[in-house]
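Let me begin by presenting the structure, written as structure tokens, before commenting on it.
The values are calculated or read from the model by the stated rules, or taken from the named source; none is laboratory data. Since the model is a prediction, treat every value here as computed from it, not as a measurement. Neighbour counts are summed over all protein chains in view; Cβ atoms, including those assigned to glycine, are modelled from backbone coordinates with ideal geometry.
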Amino acid sequence: VYVNGEWIDAGQPAVRVEDRGFQLGDGVYEVIRTYRGRPFALDRHLARLRRSAGAIELDMPLGEADLRDLVYEAMARCGAPGEMQVYIQLTRGPAPRTHAFPAASRPTLVVYACPLPPADPAQAEAGGAAILLPDERWLRCDIKSTCLLYNVLAKERAHRAGAVEAILVREGFGVTEGASTNVFGGRGGRVITAPRGRYILSGVTRDILLELAREAGIPVEERPWTAEELLACDEVFLTGTTTEVFPVVRIDDRPVGTGRPGPVVGRLRSLFLANVERYLDRG
Ligand code: PDD
């Protein structure tokens, strides 16, 4: 694990009790995965990390090239034979506990890689269930903040209901995203997803999938949509770094469309997997 310039064993104590990330959730993060041992869309993740840090007035302690090198070094040190995920977290660092920014603090930067268990292709073929929950998060979901409490509670509720994801619905806005994924609907050959903005995390997988869909001539609508529209879709699916492109076949107790993954998600999933190579390393 890289912690502010040093590599230490994962089991070693590393971060101070008064780190603002630990006490206040005052930090931002990224999760990057590998395909064929190479990081997927690395530059997009690092650019988003820089945006998230900027949004909470944190300076990145390292430049782009150094960060990129750290990601590769974390992967080499992990040395897993299969795929890996790289976790990067930047916090406002240790300081006596106060809410306002401390006069002086040195940000804590942590980077490590760990094995990513292979996804079961049968599961992605079969799809999974989701539940609907009100989106009770704050209004800056575009910042990839470590304050994930509502996301954690929502995902736990989903798992207790035998579902893979909680799809969140913001009062007065509509469907936003999942607890750790972006949400798409398909109807009449068109694809719908919530627009970029403060109510969703603009997922790297989301953006790449939209690019691929447009290239393939699949009409895409990025606009607010309601829970009623979601429930009337023939197909619903999720995207995310580790989720890839995953069909939702039930929402609460109702089947989505035929109750089996449909043709649009099948096509987009294949397109995504077939084009992974284009986005490896800096892509
Ligand atoms: N989650 N929305 C939320 C709230 C997320 O936490 C994530 C990612 C996404 C998808 O973004 P991307 O395609 O860039 O992974 C959407 C990561 C994987 C996590 O917290 O583990």
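Remarks
- Tally, over the range 197-220, of residues that are surrounded by 14 or more Cβ atoms within 10 Å (Cβ to Cβ) and basic (Lys, Arg): 1
- Pairs, first in contact (Cβ under 8 Å) with a residue 40 or more places away in the chain in the range 98-111, second part of a strand (DSSP E or B) and aromatic (Phe, Trp, Tyr), C-beta under 7 Å, six or more apart: VAL110/TYR2; VAL111/TYR2
- The range 221-264, residues that are surrounded by fewer than 16 Cβ atoms within 10 Å (Cβ to Cβ), of a type in the set (Ser, Thr, Tyr) and under 22 Å from GLU211 (Cα atoms): THR242
- Just one of the listed residues (VAL245, VAL191) is within 14 Å of the ligand (Cβ to nearest atom) and modelled with pLDDT of 95 or more, namely VAL245.
- Taken together, LEU109, LEU133, LEU90, LEU139 contain a single residue that is at negative phi and either of a type in the set (Asp, Glu) or loosely packed, with under 15 Cβ neighbours inside 10 Å (or both), which is LEU139.
- Test set (1) within 16 Å of the ligand (Cβ to nearest atom); (2) over 15 Å from the mean Cα position of the chain (by Cα); (3) surrounded by fewer than 20 Cβ atoms within 10 Å (Cβ to Cβ); (4) of a type outside the set (S, T, N, Q) - ALA47 fails condition number: (2)
- The residue list SER145, SER105 contains one member that is at pLDDT below 95 and of a type in the set (S, T, N, Q), which is SER105.
- All positions within the range 130-165 that are of a type in the set (A, V, I, L, M) and in contact with a helix residue (DSSP H, G or I) (Cβ under 8 Å, 6 or more places away or on another chain): ALA130, ILE131, LEU132, LEU133, ILE143, VAL164
- Test: residue in the range 236-255 that is assigned to a loop (DSSP other than H, G, I, E, B) and of a type in the set (Lys, Arg): no
- Flag if ALA129 is touching a residue at least 40 places away in the same chain (Cβ under 8 Å) and more than 13 Å from the ligand (Cβ to nearest atom): yes
- Within the range 260-278, the set of residues being more than 21 Å from GLY188 (Cβ to Cβ), assigned to a helix (DSSP H, G or I) and within 20 Å of the chain's Cα centre (by Cα) comprises PHE272, LEU273, VAL276, GLU277, ARG278.
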